[in-house]
Amino acid sequence: MIIALDAMGGDCAPEEVVKGAILATRELDSGTQVALVGSEEPIRALIAATKAASHLIVRPASEVVEMEDSPRVALRGKPDSSVAQTVEMVRTGEAQACVSAGNSGAYMALCHTRLKTIPGIARPAIAFFMPTPHGQRIVLDAGANADCKPEYLQQFGIMGSTYAEYALKLKNPRVGILSIGTEAHKGNDLSQAAMRLLEASPVNFIGNVEGDQIFTDDVVDVVVCDGFVGNVLLKVAEGIAGTLMRTFKEGIKSSLMARAGAFLMRGVFLRTRQLYDYGTCGGALLLGVNGICVVGHGKSDANAIRNALLVAERSVDGRFVEHLREACEQLFLQETAFA
């Protein structure tokens, strides 16, 4: 197996990206290699002293898609960019998965354009795990589609249900639409139309779900929303988690008694930080495209890159794309028959 990694993508590239690849080689299967795609000279300098060199491949790319570049620039203006060549390796079969923590809009546009979507799926969606006291929830879309049609949300629900069965080992996962109230008449035109479509779909649709229920109640496993709302939800959750951790740290420093109490609670704090750290998940799968494509956080450090590569390997080993394709075919056939 070869996993193509955009070595120039992300706020901390290429140093943290390459470090993450080196860390991952200690846990990846012995037959798995990571192809570092990007500027050859700095990449080779970073891996020169590592013992993991046999598990690393350097694939030169002369251009870099910057965070401020538009998807159009990535698609047409920089054909030899590191992210474009990363996706191209999957398209040609040279790599079995790709990972990038760079410009997510450009990355997703390249994945969608070059790999195409699974039959029956109009738009791919980013599916991220939201940690809660009741276990993980899958939320999609997290930013691939800011503007959606009702049928897109219906397809997100079908893909999310399949992903929950695969990744969370759930039977008949509960699917809900993120809305402003649990009552059936609540929501905007998009959520109302999507609700009618999901009610007629072969998934365990439970109706509307409010934002706080994702965290406080054990009522839903898959939360469906458009990419605009999902990305805002993700960023707000990250901001709240980060603010709480900083508040705890400042409070701990305020007195000797607080520091003593924090020492006794150290294990609890560490587990909480790990639970809500985006680096623990590493990356989110882009569901619906014909390939394993992992979207990393723009601020990914070495540990986040390491985990993103492990997500990619597990998804390839588990034949997730094939599994999703078969499940979507069956579900859409059932939907047609039901209609």
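Counting just the residues of the range 150-183 that are β-branched (Val, Ile, Thr) and within 13 Å of Ala127 (Cα to Cα), which one comes out surrounded by the most Cβ atoms within 10 Å (Cβ to Cβ)? Restricting to residues being β-branched (Val, Ile, Thr) and within 13 Å of Ala127 (Cα to Cα), the top hit is Ile158. Consider Ala74 carefully, then state whether it is surrounded by fewer than 19 Cβ atoms within 10 Å (Cβ to Cβ) and either modelled with pLDDT under 90 or not small (Gly, Ala, Ser) (or both). It is false that Ala74 is surrounded by fewer than 19 Cβ atoms within 10 Å (Cβ to Cβ) and either modelled with pLDDT under 90 or not small (Gly, Ala, Ser) (or both). Go through the residues of the range 137-156 one by one and say whether even a single one is polar (S, T, N, Q), assigned by TED's automatic domain parsing to the domain that holds Ala194 and under 17 Å from Val236 (Cα atoms). There is no residue in the range 137-156 that is polar (S, T, N, Q), assigned by TED's automatic domain parsing to the domain that holds Ala194 and under 17 Å from Val236 (Cα atoms). Note on the range 43-149: enclosed strands (runs of 3 or more DSSP E) holding 3 or more residues that are without any contact (Cβ under 8 Å) to a residue 60 or more places away in the chain are 56-60. Checked against the criterion of being within 18 Å of Cys98 (Cα to Cα) and at pLDDT below 90, the range 47-61 has at least one qualifying residue. Here is the figure for the range 1-35: residues that are in a strand (DSSP E or B) and within 18 Å of the chain's Cα centre (by Cα) total 4.
When the range 6-24 is limited to residues that are out of contact with any Gly (no Cβ under 8 Å at 6 or more places or on another chain) and surrounded by 24 or more Cβ atoms within 10 Å (Cβ to Cβ), the one that is nearest to Ser81 (Cα to Cα) turns out to be Val18. For the range 222-253, a residue qualifies if it is more than 19 Å from the chain's Cα centre (by Cα) and under 19 Å from Glu210 (Cβ atoms), and exactly one does: Ile240. If you check Lys186, Lys171 for being farther than 25 Å from Val311 by Cα, part of a loop (DSSP other than H, G, I, E, B) and either in contact (Cβ under 8 Å) with a residue 12 or more places away in the chain or more than 21 Å from the chain's Cα centre (by Cα) (or both), only one passes: Lys186. Residue check: Ala35 meets all listed conditions (1) among the hydrophobic types (A, V, I, L, M, F, W, C); (2) at pLDDT below 95; (3) surrounded by 18 or more Cβ atoms within 10 Å (Cβ to Cβ) but one, namely (2).
Based on this model, can you work out whether Ala106 counts as in contact with a Ser or Thr (Cβ under 6 Å, 6 or more places away or on another chain) and closer than 30 Å to Gly318 by Cβ? Considered against the rule, which asks whether it is in contact with a Ser or Thr (Cβ under 6 Å, 6 or more places away or on another chain) and closer than 30 Å to Gly318 by Cβ, Ala106 comes out as no.
The values are calculated or read from the model by the stated rules, or taken from the named source; none is laboratory data. It should be emphasised that the depicted structure is a prediction, and the values quoted were computed from it without experimental measurement. Quick reminder, even Gly has a Cβ in these numbers, built from the backbone with ideal geometry, and neighbours come from all protein chains shown.
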